[in-house]
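The values are calculated or read from the model by the stated rules, or taken from the named source; none is laboratory data. Here the structure is a predicted model, which is why all the values come from computation and not from measurement. No Cβ is skipped: glycine too gets one built from the backbone with ideal geometry, and neighbour counts run over all protein chains shown.
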Amino acid sequence: MTTVHTYDAVIVGAGGAGLRAAIEASDRVRTAVISKLYPTRSHTGTAQGGMCAALGNVEEDYPEWHAFDTVKGGDYLVDQPAALLMCEEAVDAVYQLEHWGLPFNRTTDGRIDQRRFGGHTRNHGEAAVKRACYAADRTGHMILQTLYQQCVKRNVRFFNEFYVLDLLIDDGRAGGVVAYELASGELHVFHASSVMFATGGFGRMFRVTSNAHTLTGDGPAVAWRRGMPLEDMEFFQFHPTGVYKMGILLSEAVRGEGGILLNAENERFMERYAPTVKDLAPRDLVSRAIYQEIKEGRGAGPHKDAVWLDVRHLPREVIEEKLPDVTEFARVYLSVEPTTELVPIQPTAHYAMGGIPTDDEARVVTGPGETPVPGLYAAGECACVSVHGANRLGTNSLLDIVVFGRRGGKHMAEFAGGSDPPELSERPEGIARDMLDGLMSRREGANAADIRSELQESMFDLGFVVRSETSLKKMQQILGGLRERYERVFVQDTGRTYNTELMEAAELGFLLDCAEATVAAALARDETRGAHYREDHPMRDDEHWLKHSLAYRGPGGDVRLEFKDVKLGPYVPMERKY
Amino acid sequence: MAEEPLGDVLDDSDGRRVGAGSKVTLTLRVRRYNPDVRADSWWDEFTIDTEPNDRLLDALHQVKWYQDGTLALRRSCAHGICGSDAMMINGKNRLACKVLVKDVLPKATVEPIRGLPVLKDLIVDMEPFFAGYRSILPYLINDEGEPDRERRQTPEERHRFDDTTKCILCAACTTACPIFWGDEEYVGPAAIVNAHRFIYDSRDHGADDRLRILAERTGVFRCRTTFNCTDACPRGIEVTKAIQEVKRSILFERF
């Protein structure tokens, strides 16, 4: 049995981008939000440190300074018009969240308080600037709650625990999605004029990650299988301060509030790598510095593969009031008392700069000429606008989701209001049905957990902070083997009710797609830029590589690459010093 | 520098999550239910080798991934923020990702949270819980025109409702409440916590409406202050205190 639902706009994913889009679209047209989770479980909720906007509440600041930092932080792979637009709209976006009730921390005169964050500077790099609006170290939680509250107020229609497996495309335009209802095991067709993917990232391809178990690149992979390109997949951010071994994020706000990094020799090593902003350098530089310290034997801990995060010198009230969650993570998961002890950290896979290519209205665009796909949208981490370029600045993801979630929600509603969806084919659920039947058909075979953990291990060893042609070719070979084994995956649970094993098997397939695109793009880019560090090509190469990569799934499951020029603007690429 | 005293996470392996660490043996006794298989619930016991600093969630994953794929549970972030994996662990409502193996050795009994219909194994129907949440108007109510900039709020005013902004809607509190077990009409602690978050927000004008709702038969006066909710909250919210404050507001301020 397949149920068919008809809406004007369908949004896949209920994190910050999806909810923000839903608020915009549901005021205008019949809108459904489909999520494999309950909305408040979305990973936006785990973002900690803040959301930058040049309010100038604490220090002089301008959107243009913010845009410059974003472009420089992204190692000049940022599309500059999009960054300028985002930083300009940031100010109103923050005020709107405040008007909707977001409980920001306050200055003594009652304004939104702001603090420092990595890579955010005054007047084009002079010094760190207080730009991040925050609510303790729970800013993402507050954004997610606030947006969900606004959806409740507007009676937005949610389909919770519905897992989207396929995108309907008819003659080059979007016509809906097919989703698997976890509670019943039924397939549902959502027929709609416009579809937005807002499904988040895919950090689960790496062993050490800050990402939720559920961040498996479903949206990008579904789009990829339907012929859409994935842009800049080689750029994955490794956040410097993950809980040692576990990868749980310890916010950059720790360093924004004055925390520092130490190597095993008790040296504040960031002074050597970024003399001006030191520990508040952008994440790619800090992660690479940590890697270098470890490589040169100054790593801390019994295995010399960590460094220390030190907050012992901070006033107790700063730690308890402004960093309460981070402090608790150290206590719960490391049995470390941060007020008196050093916290062992290591870089953790954190954020996909790449994703489904979009324009400023969050429309999905293909090819070097950026041809829009009518009715198809993407926003948030699963999209690539590109405002983050080769390395996202801290806090800009929360900004990205509200700015482009809003723009996309508005545009998709207007589009849907003016056009009927393409007619459904005879068996619209066919591809999704075949996929599930395939996974359920075997009574023996390969274990999905084994394949997943080998993927994560090898991507951590070969495709992490440091890469080379040799490591990436090896990774490609490993991926080939994993793909073969995946074709023989066996799902033990034959039931229909909450068959989460089946869902995890489908997720693994999507994750493998994302890894294949990532490795192919990383292999092609023989330069170092932002988060993509090639030790065999350690320099940035602007002559050849001011280009975005576009990965397509080839006919035989191989990856085909195209490239498009970066949209430059007022900022001429220069050497990145901090 | 001299080695600082470390969390024992650093001592027990070669730096890999799965490695030659100091393994311990954990027995997991899990209450199972699967309507595809049979009408009543049953108990299963699993024995796994794990590490003391692993989360109980990791242990459940080990069972699901390597012993019994049919085991069903919700989880996502795995560090206590998303609120997916509330379950009853050794008789207490906890998030499986915030309980470490070393704290439950040698055996953990795991059951679904109580008071909501069980759908499969550790998965319960959350809809009644969210219906309670929606009933208290969980959004800022302020019909005055929006200013060009932020609405001002002093740090003291902001602090007034700080505790209840931490709620992650995991349902650990509500499903630990004996009143909720016996009366499905009771909105439950989490809904009151979320009402509290707005009632004491200086920017909000909807307090009267919420207090009226919570003064009803299904509201705060069902609470018998057993403190189960406060004990269960993984975010450390003083839930009972919040409920008492709402009760006092209804009694002394509004009506």
Test result for B:R160, within 14 Å of chain A (Cβ to nearest Cβ), in contact with a Phe, Trp or Tyr (Cβ under 6 Å, 6 or more places away or on another chain) and surrounded by fewer than 18 Cβ atoms within 10 Å (Cβ to Cβ):
yes
Residues A:V129, A:V156, A:V164, A:V177: which one is buried (at least 18 other Cβ atoms within 10 Å of the Cβ) and within 14 Å of chain B (Cβ to nearest Cβ)?
A:V156
Could you check how many residues of the stretch A:132-145 are more than 8 Å from chain B (Cβ to nearest Cβ), in a helix (DSSP H, G or I) and either surrounded by fewer than 24 Cβ atoms within 10 Å (Cβ to Cβ) or not small (G, A, S) (or both)?
3
Residues of the stretch A:553-571 being buried (at least 18 other Cβ atoms within 10 Å of the Cβ) and more than 25 Å from A:R288 (Cα to Cα), in sequence order, are A:R553, A:V559, A:K564
Tell me yes or no: at least one residue of the stretch A:283-292 is surrounded by 24 or more Cβ atoms within 10 Å (Cβ to Cβ), on the phi < 0 side of the Ramachandran plot and among the polar types (S, T, N, Q).
yes
When the stretch A:232-259 is checked residue by residue, the ones that are among the aliphatic types (A, V, I, L, M) and either out of contact with any helix residue (DSSP H, G or I) (no Cβ under 8 Å at 6 or more places or on another chain) or more than 14 Å from every other protein chain (Cβ to nearest Cβ) (or both) are A:M233, A:A253, A:V254
Criterion (under 29 Å from A:G242 (Cβ atoms) and among the small types (G, A, S)) met by exactly one of A:A446, A:A505
A:A505
Taking B:R212 as the residue in question, decide whether it is touching an Asp or Glu at 6+ places or on another chain (Cβ under 8 Å) and surrounded by fewer than 17 Cβ atoms within 10 Å (Cβ to Cβ).
no
If you go through the stretch A:304-346, how many residues are within 11 Å of chain B (Cβ to nearest Cβ), out of contact with any helix residue (DSSP H, G or I) (no Cβ under 8 Å at 6 or more places or on another chain) and over 17 Å from B:K166 (Cβ atoms)?
7
In the stretch B:84-98, residue nearest to the other protein chains (Cβ to nearest Cβ) [restricted to those that are part of a loop (DSSP other than H, G, I, E, B) and surrounded by fewer than 24 Cβ atoms within 10 Å (Cβ to Cβ)]:
B:N90
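Yes/no matrix, rows are residues, columns are (1) of a type in the set (D, E); (2) modelled with pLDDT of 95 or more; (3) in contact with a helix residue (DSSP H, G or I) (Cβ under 7 Å, 6 or more places away or on another chain); (4) more than 30 Å from A:Y134 (Cβ to Cβ):
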{"residue": "B:G145", "(1), (2), (3), (4)": "no, no, no, no"}
{"residue": "B:K166", "(1), (2), (3), (4)": "no, yes, no, no"}
{"residue": "B:C173", "(1), (2), (3), (4)": "no, yes, yes, no"}
{"residue": "B:S202", "(1), (2), (3), (4)": "no, yes, yes, no"}
{"residue": "B:V220", "(1), (2), (3), (4)": "no, yes, yes, yes"}
Going through the stretch A:489-516 in order, the residues found to be under 24 Å from the mean Cα position of the chain (by Cα) and among the acidic types (D, E) are A:E504, A:E507, A:D513, A:E516
Pick out the one residue from A:V402, A:V332, A:V364 that is out of contact with any strand residue (DSSP E or B) (no Cβ under 7 Å at 6 or more places or on another chain), of a type outside the set (S, T, Y) and surrounded by 24 or more Cβ atoms within 10 Å (Cβ to Cβ).
A:V402
Any idea which of A:E414, A:E381, A:E454, A:E426 is within 14 Å of chain B (Cβ to nearest Cβ) and either of a type in the set (A, V, I, L, M) or outside any strand (DSSP E or B) (or both)?
A:E454
When the residues of the stretch B:127-156 are narrowed to those that are in contact with a Leu (Cβ under 9 Å, 6 or more places away or on another chain) and surrounded by fewer than 17 Cβ atoms within 10 Å (Cβ to Cβ), which ends up farthest from the other protein chains (Cβ to nearest Cβ)?
B:E127
Filter the stretch A:368-384 down to residues that are over 12 Å from the mean Cα position of the chain (by Cα) and aliphatic (A, V, I, L, M) and give me whichever is nearest to A:G530 (Cα to Cα).
A:A378
Of the residues that sit in the stretch B:99-112 and are surrounded by fewer than 23 Cβ atoms within 10 Å (Cβ to Cβ) and in a loop (DSSP other than H, G, I, E, B), which one is farthest from the other protein chains (Cβ to nearest Cβ)?
B:P106
Quick one: which of A:Y486, A:Y552, A:Y571, A:Y533 is more than 14 Å from every other protein chain (Cβ to nearest Cβ), more than 17 Å from B:W65 (Cβ to Cβ), hydroxyl-bearing (S, T, Y) and more than 21 Å from the chain's Cα centre (by Cα)?
A:Y571
